Amino acid sequence: MTAPQFSLPQPSTPLIGRAQEVASAQSHLRRAEVRLLTLVGPPGVGKSRLSLQVAVEARFSDGVGYIGLSQLNDANLVAVSIAQHIGLRQMSSGSPIEHLQNYLRDKQMLLVLDNFEQVMAAAPMVAVGGGSRTQDSDHQPHRPAPFD
């Protein structure tokens with residue numbers, strides 16, 4: 001069975017000088033206990049481009065998706081946006097969050113949520129939706145160095 005094909009934006013330029021950061025992020029994502037990885041840094045540091053490169057190179061059995069949230073300003077729409085991107089249809093009962101969590105529970109999937117800072121109120125949903133294997137799972141933000 002092949003992984004679902006989600007559309008990834010095509011990088012307009014090559015990523016130069018970031019191989020170590022890409023490898024570090026991929027290394028974190030391969031660890032079984034890591035279900036959520038956050039790239040943090042000031043605007044312009046290259047978080048979006050780095051996350052896109054990680055997504056382009058990633059191999060997950062259930063696929064890799066890139067969801068740009070720059071147009072969202074309502075945290076309540078994050079689950080709906082993710083569900084639409086991965087092709088999950090809304091059921092007649094239950095919330096979009098519940099359906100998304102149930103669907104993702106057993107998946108080996110990478111979902112890159114770009115521009116999440118605009119909808120930070122959705123962070124608890126994403127942390128739980130990430131399918132943490134333990135409630136108090138280790139989560140350390142990954143801080144990419146600024147471009148020189």
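The values are calculated or read from the model by the stated rules, or taken from the named source; none is laboratory data. Remember, predicted model here, so these are calculated numbers, not experimental data. Every residue, glycine as well, gets a Cβ built from its backbone with ideal geometry; the counts of neighbours run over all protein chains shown.
Quick look at the numbers
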| item | result |
| --- | --- |
| The stretch 75-106: number of residues that are surrounded by fewer than 16 Cβ atoms within 10 Å (Cβ to Cβ) and either out of contact with any helix residue (DSSP H, G or I) (no Cβ under 7 Å at 6 or more places or on another chain) or at positive phi (or both) | 12 |
| Residue list for the stretch 30-40, restricted to those being of a type in the set (A, V, I, L, M), touching a Lys or Arg at 6+ places or on another chain (Cβ under 7 Å) and surrounded by fewer than 15 Cβ atoms within 10 Å (Cβ to Cβ) | Val40 |
| Pick from the stretch 102-148, criterion at pLDDT below 80 and small (Gly, Ala, Ser), ranking: farthest from the chain's Cα centre (by Cα) | Ala145 |
| Close pairs from the stretch 8-20: first touching a residue at least 40 places away in the same chain (Cβ under 8 Å), partner loosely packed, with under 12 Cβ neighbours inside 10 Å and of a type in the set (D, E, K, R), Cβ under 9 Å, at least 6 apart | Gly17/Asp148 |
| Filter pass, Met120 being of a type in the set (A, V, I, L, M, F, W, C) and under 25 Å from Ser61 (Cβ atoms) | no |
| Residue within the stretch 41-62 that is buried (at least 17 other Cβ atoms within 10 Å of the Cβ), within 13 Å of the chain's Cα centre (by Cα) and farther than 30 Å from Ile16 by Cα present | no |
| Residues of the stretch 1-15 that turn out to be exposed (fewer than 11 other Cβ atoms within 10 Å of the Cβ) and either more than 22 Å from Val126 (Cβ to Cβ) or at pLDDT 90 or above (or both), as a count | 7 |
| Qualifying residue in the stretch 16-29 (condition: closer than 15 Å to Val112 by Cβ, surrounded by 11 or more Cβ atoms within 10 Å (Cβ to Cβ) and modelled with pLDDT under 90) | no |
